[in-house]
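J.: So that we are looking at the same thing, I have put the structure below in structure tokens.
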């Protein structure tokens, strides 16, 4: 159901914005075209965790392995539901549950180093 732009938005309903087709893998889904002045309202509505990020925050997409600016998020309408997804969604499928702190990749690298995870462990060779 489409409802007027001046009405409050409901996360369970189709958002009141036009859509365009978006290829995701072998599928075509609807992607909303959200005006810049409505992006914060949409983020507030669809972000499912505590501590809603700022549109200017940088986050890390776990699936894509890259950072992004929150304002570049996408929202799709798929299977009767709104999906808050990363800007890389078409190539790697990352949704809001895959958004990590911007230093997440650095933390992973540090954990690997701390645990001694390196190629010498796999080959049986000693480090010099």
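The values are calculated or read from the model by the stated rules, or taken from the named source; none is laboratory data. Just so we're clear, the structure is a prediction, and the values are computed from it rather than from any experiment. Quick reminder, even Gly has a Cβ in these numbers, built from the backbone with ideal geometry, and neighbours come from all protein chains shown.
J.: Could you identify the single residue in 10, 6, 37 that is exposed (fewer than 10 other Cβ atoms within 10 Å of the Cβ), farther than 24 Å from residue 91 by Cα and either at pLDDT below 95 or touching a strand residue (DSSP E or B) at 6+ places or on another chain (Cβ under 6 Å) (or both)? Explain how you work it out, then say what you get.
T.: Numbers: 10 fails: exposed (fewer than 10 other Cβ atoms within 10 Å of the Cβ); 37 fails: either at pLDDT below 95 or touching a strand residue (DSSP E or B) at 6+ places or on another chain (Cβ under 6 Å) (or both).
Step by step, each of 10, 6, 37 is checked, and only 6 is exposed (fewer than 10 other Cβ atoms within 10 Å of the Cβ), farther than 24 Å from residue 91 by Cα and either at pLDDT below 95 or touching a strand residue (DSSP E or B) at 6+ places or on another chain (Cβ under 6 Å) (or both).
J.: Give me a count of the residues in the range 37-66 that are touching a helix residue (DSSP H, G or I) at 6+ places or on another chain (Cβ under 8 Å) and on the phi < 0 side of the Ramachandran plot. Steps first, answer last, please.
T.: Start the filter on the range 37-66 by keeping residues that are touching a helix residue (DSSP H, G or I) at 6+ places or on another chain (Cβ under 8 Å), which leaves 39, 43, 46-49, 52-65.
Filter once more, keeping what is on the phi < 0 side of the Ramachandran plot: 39, 43, 46-49, 52-64.
Of the residues in that region, 19 qualify.
J.: Still on this structure, please answer the following. Looking at (1) at pLDDT 75 or above; (2) out of contact with any strand residue (DSSP E or B) (no Cβ under 8 Å at 6 or more places or on another chain); (3) surrounded by 12 or more Cβ atoms within 10 Å (Cβ to Cβ), can you tell me which one residue 81 breaks?
T.: Checking residue 81 against (1) at pLDDT 75 or above; (2) out of contact with any strand residue (DSSP E or B) (no Cβ under 8 Å at 6 or more places or on another chain); (3) surrounded by 12 or more Cβ atoms within 10 Å (Cβ to Cβ), the one that fails is (3).
J.: Still on this model: Please go through the range 15-34 and give me each residue that is surrounded by 14 or more Cβ atoms within 10 Å (Cβ to Cβ) and touching a strand residue (DSSP E or B) at 6+ places or on another chain (Cβ under 6 Å), ordered by number.
T.: Passing the criteria: 15, 17, 19, 22, 29, 30, 31, 32.
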